[in-house]
Amino acid sequence: MYKFLLIVALAMLPLPYCLALTDSVLGHAHEDVLLQTLYARVGTRQLWIAQGRPTRQATVLLGILNTADSFGLQKSDYGVEALVTASNASQNTAAPEFDALLSRAAIRLVTHLHYGRIDPRIAGFELQTSRNDLDVVSVVVQLTSSASVADSLVAVEPQFYHYRLLKVALAHYRLLAADPSLTLLPGIGRRALHIGDRYVGEPALRRLLLALGDLSDSAELAPPSPDTLPLDAALSDALKRFQLRHGLTSDGALNAVTYLALTTPLARRVQQIELTLERWRWLPSFDTPPIIVNIPEFRLFAFSTTADRVADIKQMSVIVGQTYPRTRTPVFVGDMRYVIFRPYWNVPHSIVVHEMLPKIRTNFEYLHRNKLEIVRGEGDDATAIAPTPAVIAALGAGQLRLRQQPGEDNALGLVKFMFPNSHNVYLHSTPAHQLFAQSRRAFSHGCIRVSDPVALAEYVLHNASGRWDAEQIDAAMRGANSSRVELLTPIRVMILYATAQATEAGPVEFFDDIYGHDRKLAQLLALPHALAL
């Protein structure tokens with residue numbers, strides 16, 4: 001009987017709403033099953049109707065759905081217009097339809113808030129977070145009698161502190177984006193502007209930086225003037241703060257890169273926050289303190305606890321994969337199991353073929369000069385084979401492999417941190433320390449180079465047998481032989497991608513979409529205000 005009534009009610013849904021439902025992370029068919037389970041469990045077809053009227057919980061939930069953008073969601077996904085129409089229609093004829101519509105919308109909202117709107121694997125993220133840790137039906141049943149529907153929904157959201165901070169930031173940036181004129185600045189010409197240089201857009205720049213919070217409230221707005229005004233020290237300091245928040249070189253100059261960031265529409269910043277909130281929902285809670293790398297931020301975070309509070313997190317700069325499709329650092333999760341001091345670098349076959357073989361064929365001395373060896377087999381104890389045309393041909397065919405001897409000049413530096421994965425990606429040190437001075441650090445072939453390998457080794461090896469302080473670690477890095485240290489328990493490593501981050505101090509940080517993942521996710525979510533980068 002209930003199934004029949006549900007089918008009738010569902011058949012009455014407006015066509016656009018039915019089509020929108022197919023985009024759910026669970027899928028339309030799975031939502032049908034949950035809807036049928038819901039009504040079968042409670043034994044009534046009126047969860048949201050009492051005495052012929054919507055219940056208080058129904059009214060509150062409808063209001064929340066109407067402001068779904070406060071979660072970074074779209075109210076069009078929940079059929080709000082159809083719900084409002086049904087709730088305003090005749091009580092006798094609209095009750096079954098309204099109840100079914102609102103129940104489905106509740107199922108969808110709970111699912112989206114807990115799991116996200118799409119499966120991360122569709123976006124190319126190997127997070128494997130298709131969890132079954134939430135009884136969606138039970139949550140919806142609870143909503144129908146909840147003293148606080150809003151609090152019940154907050155309970156199913158990610159319980160990360162920085163997720164909550166980002167939701168607050170979203171509301172603020174929506175208000176800023178309501179005034180598109182904020183980011184309309186006159187051009188700066190061909191050269192960067194510094195303190196004392198005159199800029200016709202000085203009042204508009206001051207207004208923008210004040211609205212963004214980079215310029216102190218105590219700094220007065222300059223009066224409108226037809227004259228070109230000079231940049232002063234207060235504006236330069238505000239530009240430095242803006243540059244820091246956007247991953248730029250913080251020199252206080254108004255240059256082309258900074259101008260581009262300043263004139264990026266604030267609606268785009270809103271979208272970055274929305275997309276990052278979606279990615280937060282893909283993450284499971286932390287059972288143990290993880291190591292997280294945020295690719296577009298070029299930053300590593302090593303947690304001391306399972307709480308995402310900055311006081312308990314060790315941070316350092318990293319270098320990630322170049323932006324070419326085959327050299328990008330993948331988004332995935334692994335478990336760090338051991339550390340290798342003075343590692344060999346086993347050169348990936350793709351690098352051998354595309355970058356090294358032409359140089360080797362031209363001059364065998366290239367091998368000696370770069371401390372490269374041709375070997376057979378997988379172990380570090382493999383014996384080097386003298387180069388000959390036949391040996392080089394076998395190397396090109398993948399029958400032999402190329403490795404670089406341990407040492408100061410080794411491409412991996414003096415230590416690597418291993419979390420076995422199909423991508424052959426890991427964390428390691430590097431001899432190219434000068435690259436960390438760059439603000440945009442996408443230089444590797446996919447692996448992640450860390451700026452402070454000793455500090456990371458201290459953090460990791462507290463989970464290993466023996467005493468591992470900075471002195472012991474340095475001795476292992478400078479020793480004569482390679483050595484491997486097993487961890488007592490694995491450390492979860494999460495390679496993630498987020499272009500917006502709320503800070504505990506207040507400012508919001510934004511980073512370039514270096515791999516185009518934001519653009520792809522915006523298309524998958526069919527965001528109506530998706531903006532080109």
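The values are calculated or read from the model by the stated rules, or taken from the named source; none is laboratory data. Computed from a prediction, not measured in an experiment: that's the story for all the values here. No Cβ is skipped: glycine too gets one built from the backbone with ideal geometry, and neighbour counts run over all protein chains shown.
Results for (1) small (Gly, Ala, Ser); (2) touching a strand residue (DSSP E or B) at 6+ places or on another chain (Cβ under 9 Å), shown as yes or no for each residue.
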position	(1), (2)
Ala233	yes, no
Arg241	no, no
His246	no, yes
Leu262	no, yes
Pro290	no, yes
Ala302	yes, yes
Thr306	no, no
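Before we move on, is Val485 among the aliphatic types (A, V, I, L, M), at pLDDT 95 or above, within 17 Å of Ile295 (Cβ to Cβ) and buried (at least 16 other Cβ atoms within 10 Å of the Cβ)? So that I can check it myself, show each step before the final result.
Values: among the aliphatic types (A, V, I, L, M): yes; at pLDDT 95 or above: yes; within 17 Å of Ile295 (Cβ to Cβ): no; buried (at least 16 other Cβ atoms within 10 Å of the Cβ): yes.
Spelling it out, it is not the case that Val485 is among the aliphatic types (A, V, I, L, M), at pLDDT 95 or above, within 17 Å of Ile295 (Cβ to Cβ) and buried (at least 16 other Cβ atoms within 10 Å of the Cβ).
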Quiz item: Do we find that Ile107 is assigned to a helix (DSSP H, G or I) and more than 17 Å from Ala522 (Cβ to Cβ) in this structure?
Solution: yes
Practice problem: Name the single residue, out of those in region 156-185 being in a loop (DSSP other than H, G, I, E, B) and exposed (fewer than 14 other Cβ atoms within 10 Å of the Cβ), that is modelled with the lowest pLDDT. | Solution: Gln159
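Checking the condition modelled with pLDDT of 95 or more, surrounded by 15 or more Cβ atoms within 10 Å (Cβ to Cβ) and not assigned by TED's automatic domain parsing to the domain that holds Tyr115, which residue from Ala219, Ala238, Ala256 passes? Don't jump to the end; show me each part of the working.
Details: Ala219 fails: modelled with pLDDT of 95 or more; Ala256 fails: surrounded by 15 or more Cβ atoms within 10 Å (Cβ to Cβ).
Residue meeting the stated conditions: Ala238.
Kindly check whether there is at least one residue in region 491-510 that is closer than 29 Å to Asp381 by Cβ, in contact with a strand residue (DSSP E or B) (Cβ under 6 Å, 6 or more places away or on another chain) and surrounded by 13 or more Cβ atoms within 10 Å (Cβ to Cβ).
Just the residues of region 491-510 that are closer than 29 Å to Asp381 by Cβ, to begin with: 491, 493.
In the following step, the residues that additionally are in contact with a strand residue (DSSP E or B) (Cβ under 6 Å, 6 or more places away or on another chain) were identified as 491, 493.
This time we only want the ones that are surrounded by 13 or more Cβ atoms within 10 Å (Cβ to Cβ), so: 491, 493.
Looking for residues that are closer than 29 Å to Asp381 by Cβ, in contact with a strand residue (DSSP E or B) (Cβ under 6 Å, 6 or more places away or on another chain) and surrounded by 13 or more Cβ atoms within 10 Å (Cβ to Cβ), one finds at least one in region 491-510, hence yes.
Checking the condition farther than 23 Å from Phe443 by Cβ, in the same structural domain as Pro290 (by TED's automatic domain parsing), among the hydroxyl-bearing types (Ser, Thr, Tyr) and surrounded by fewer than 18 Cβ atoms within 10 Å (Cβ to Cβ), which residue from Thr327, Thr383, Thr323 passes?
Working: Thr327 fails: farther than 23 Å from Phe443 by Cβ; Thr323 fails: farther than 23 Å from Phe443 by Cβ.
Answer to the check: Thr383.
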Quiz item: Does at least one position in region 332-352 carry a residue that is touching a Gly at 6+ places or on another chain (Cβ under 8 Å), under 20 Å from Ser422 (Cβ atoms) and without any contact (Cβ under 8 Å) to a residue 60 or more places away in the chain?
Solution: yes
Practice problem: Give just the number: which of (1) within 29 Å of the chain's Cα centre (by Cα); (2) modelled with pLDDT under 90; (3) assigned to a helix (DSSP H, G or I) does Pro96 not satisfy? | Solution: (1)
Exercise. Could you give me the residue pairs with C-beta distances under 9 Å whose first residue belongs to region 169-184 and is touching a residue at least 12 places away in the same chain (Cβ under 8 Å) and on the phi < 0 side of the Ramachandran plot, whose second residue is basic (Lys, Arg) and part of a helix (DSSP H, G or I) wherever it lies, and which are 6+ apart or on separate chains?
Key: Tyr173/Arg269; Leu176/Arg269; Ala177/Arg268; Ala177/Arg269; Leu182/Arg207
Exercise. At least 1 residues that are at pLDDT 90 or above and in the same structural domain as Ser103 (by TED's automatic domain parsing) in each: list the helices (runs of 4 or more DSSP H) lying fully within region 9-79 that qualify.
Key: 28-42, 56-66
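Take region 170-194 and flag every residue that is touching a Gly at 6+ places or on another chain (Cβ under 7 Å) and closer than 14 Å to Leu254 by Cβ.
Filtering region 170-194 down to residues touching a Gly at 6+ places or on another chain (Cβ under 7 Å) leaves 170, 185-186.
Across region 170-194, the qualifying residues are Leu185, Pro186.
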Quiz item: What number of residues within region 441-466 satisfy the criterion of being out of contact with any helix residue (DSSP H, G or I) (no Cβ under 9 Å at 6 or more places or on another chain), outside any helix (DSSP H, G or I) and either over 27 Å from His349 (Cα atoms) or of a type in the set (Phe, Trp, Tyr) (or both)?
Solution: 5
Quiz item: Looking at this structure, is Ala150 crowded, with 17+ Cβ neighbours inside 10 Å, assigned to a helix (DSSP H, G or I) and outside the structural domain of Val493 (by TED's automatic domain parsing)?
Solution: no
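For Phe298, indicate whether it is among the aromatic types (Phe, Trp, Tyr) and surrounded by 21 or more Cβ atoms within 10 Å (Cβ to Cβ). Steps first, please.
Numbers: among the aromatic types (Phe, Trp, Tyr): yes; surrounded by 21 or more Cβ atoms within 10 Å (Cβ to Cβ): yes.
Spelling it out, Phe298 is indeed among the aromatic types (Phe, Trp, Tyr) and surrounded by 21 or more Cβ atoms within 10 Å (Cβ to Cβ).
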Self-check item: Within region 424-451, considering residues that are in contact (Cβ under 8 Å) with a residue 40 or more places away in the chain and among the aromatic types (Phe, Trp, Tyr), the one nearest to Ala476 (Cα to Cα)
Solution: Phe436
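List the strands (runs of 3 or more DSSP E) that sit entirely inside region 332-433 and contain at least 3 residues that are within 29 Å of Glu126 (Cα to Cα), more than 31 Å from the chain's Cα centre (by Cα) and not basic (Lys, Arg).
none
Criterion first (under 26 Å from Ser451 (Cβ atoms) and either in contact (Cβ under 8 Å) with a residue 60 or more places away in the chain or among the basic types (Lys, Arg) (or both)) does Asn421 satisfy it? Give the derivation first.
Values: under 26 Å from Ser451 (Cβ atoms): yes; either in contact (Cβ under 8 Å) with a residue 60 or more places away in the chain or among the basic types (Lys, Arg) (or both): yes.
In short, yes.
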Quiz prompt | Lone unmet requirement of (1) outside any strand (DSSP E or B); (2) closer than 25 Å to Ile313 by Cβ; (3) in the same structural domain as Phe298 (by TED's automatic domain parsing) for Asp518 | solution = (3)
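Which one of these is at pLDDT below 95 and either in contact with a Phe, Trp or Tyr (Cβ under 8 Å, 6 or more places away or on another chain) or not assigned by TED's automatic domain parsing to the domain that holds Gln405 (or both): Phe286, Phe303, Phe332? So that I can check it myself, show each step before the final result.
Values: Phe303 fails: at pLDDT below 95; Phe332 fails: at pLDDT below 95.
Exactly one residue qualifies, and that residue is Phe286.
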